[in-house]
Structure formats: C-alpha cells, structure tokens
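Reviewing the structure listed below.
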Amino acid sequence: MHDNLVPELLAGSFRALARVISLIENESSDSVRLLEQLHPHTGAAYRLGITGPSGAGKSTLADRLAKLYRADGNRVGIITVDPTSPFSGGAFLGDRLRMSDLYGDEGVFIRSMATRGSHGGLPRTTRNAVKLLDAYGSDVIIVETVGVGQAELDIMDVVDTVVVVLVPEGGDSMQAMKAGLMEIADVFVVNKADRPGADAMMKDITAMLSWDTRERQWVPPVLSSQAHQGIGIEELWEAIEKHRKVSEDTGLLAVRRRERRRHEFFRTIREQAEQEAQRLAVTDGSLAALLKQVESNSIDPYTAALIAVKQLSARRRPRKTQ
Ligand SMILES: Nc1nc2c(ncn2[C@@H]2O[C@H](COP(=O)(O)OP(=O)(O)O)[C@@H](O)[C@H]2O)c(=O)[nH]1
Ligand SMILES: [Mg+2]
C-alpha cells in the first residue's frame, strides 16, 4: 500500500517524508516495516537536543540555529515535543517556529509531535521521527523538548549534543540541578539575558559545574543569549560545533551512539515482550486466568508477572528432538 514511500523519501521527497512521519506517529501497522527499510540509511545526521523549561526560548533558539545551519547549506530537520502544549496531535507547532520564515524552505523540515502514550518520557514516535529525518538526508536534526520530568533525561538517548536552556528567573539553576539537567548538559545557555540576573545565574551554574571534580574530556561551557534579538547565537553555534568535534575526536560520540543502540535494543525487547504478553492475555487461557487473578487482587502483580515471564520463555524453548 505504501510501497513507493521509502524510495521517494530516500530520493528526497518532502511529501513522502511528511507522509511517513504521519504513519509512524499514528503507529500504523506499516511502521515497523518502514523503519526496517529506512534503518540502513541512517547514521549520517548530527543530532542536537535543546531542552529547558517551557517559555525559555527553545523554539526561538532552534529557529536561529537552524538558520545558521541553513546558511552553511545544511539540510535541517526540527522536531519539537511539548507536553505542556494544550494542543494534541501533529498539527500544533510552537508559535516561534510556526511563524518562522524557515517555513516554505524545502531544506528545512519542521514537525511538532504529540506526546500521547509517552508516560512523561520522550515519545517513541519522536525517536522514530529522528530516524526518518536522518534517512531523508538531514545534515542536522534539532530536537526540542520541554525540561520537565523524564523527557529531558531521555533526550540524551536521542541526540549527540544537549543544549540546556535556562532563564534568569528565580531559582532556575537550583531546579535545573534537581531535575538532573546538570548531568546531561553539554552546553548551557542562559537565554533572556536582557533580563536581570543572567550574570549571577551563569556564575551559579559555573560554580555548580566546578563541584564535579571527575576527570572529564568536556566541561560544559556556560553561555548567554537573547534569542529573540539574535544575540549570542553564533557563540552558541560555535560551542555546539566544538562539542561535536571534541566528541568525535575523543570517541565520546562513538560511546554515546553505542549506548544508544544498547538502550534501543533493550527498549525494543521490553516493548515486544509487553505486546506479546498483552496479546497472549487475550488469546491464551492460562495467561488470561492469571490476569483475572491480578485484577481481582487474588495474586500480587509481581508474583504474577514472574509466573508470566516463565510461561512466556517456556513456550519459546525449542522442543527437544531425539
Ligand atoms: N525577553 C526575551 N524574550 C525572549 C528571548 N528569547 C525568546 N523570547 C520570547 O520568549 C517567548 C517564548 O519563546 P519560545 O521560543 O516559544 O520558548 P520555548 O517554549 O522554550 O520554545 C517568546 O515570546 C519569545 O519571543 C530573549 O532572549 N529575551
Ligand atoms: Mg517551543
């Protein structure tokens, strides 16, 4: 039914890309097959994550950075995931990007993604969309996520460089540390530096970073910007490119990508095992009975889960032959 989509996407069809992303986003029955076909064509794109609180200026920064990359002739993909957005589905875009003159530029693909079914983490569909943009031939893929809960920690698993955006408003640096942002940032940027407190905040972050006395190949720089005015963007871009170069030269990037593939492997096992269990709970008498017992609280879910896992692996074991 979608036979031509993959070759069309690989040949650079914007329309095919949009179509495949929709199929993946809706978790169409074709998505796994599409991903399988596209996987061999991935790996060339550089992935940049921008995370931080809602309203910090992430989309504005993404827009400005995308323009710099475009000016260098790069093909750019932008994916925004905003669970705080009251809108759902793929139709809504951060207004910064919706209004951007990047729209209509065929070298830039912009997509806002729903967070449905992500349990607060980064939606699986986002990871897959990044893969599609990679296969499509994007040179740089920018992933914008809101730094609340699990999503900003997941971002590490998807991108090669993480930019954490903070704003001078009170308490932000402490919150960032609590939320684990200090751990994942490769570059810090204090945006809205036109507001009071930016310098103090930069000092705070720098001080917090100095508490970490581990030997490191990369110490995150702390920058400032006024994204809406385009101030500090070149410096941010330079810091990102420097991180990219250091990561490539020291092998950090290779380690990160290896780790990513490992997580992808285990995550897929988890997803597949759960799907299989869900399917069996409907079709298999003993598992259905077990589920009923769990539901009625006559067995605890942990004991039941261990029984189910044993059953699942037992039925997979090949029969002995003489
Ligand atoms: N004062 C000020 N406003 C900014 C700056 N950067 C972005 N904004 C504004 O902050 C608002 C939120 O920006 P947006 O990029 O949508 O934030 P996001 O939610 O992090 O993506 C918009 O109205 C921007 O114009 C800045 O450096 N200073
Ligand atoms: Mg945004």
The simple spin-label model distance between R262 and Q278, using points 7 Å out along Cα→Cβ, in nm, is 2.8 nm
Burial ranking of peptide ranges 157-168, 211-222 (average Cβ count within 10 Å, highest at the top):
157-168, 211-222
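Looking at region 262-316 from every direction and averaging, what is the projected area of its Cα convex hull in nm²?
Values: hull surface 16.0 nm².
Taking the Cα atoms of region 262-316, their convex hull projects to 4.0 nm² on average.
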Give me Rg/Rg_expected for region 199-296, where Rg uses Cα atoms only and Rg_expected = 2.2 N^0.38 Å with N residues.
1.90
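When I21, I78 are ordered from fewest to most other Cβ atoms inside 10 Å of their Cβ, what list results? Before the final figure, lay out each step's value.
Details: I21 23, I78 28.
Lowest count first: I21, I78.
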Could you name the aspartates and glutamates whose alpha carbon sits less than 14 Å from that of K245, not counting residues in the same chain fewer than 8 places away?
D160, D186
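We did not get these values from a lab; they are worked out from the coordinates using the rules stated. Treat the numbers as computed from the prediction; the structure is a model and nothing was measured. Note: ideal-geometry Cβ built from the backbone for every residue, glycine included; neighbour counts use all protein chains shown.
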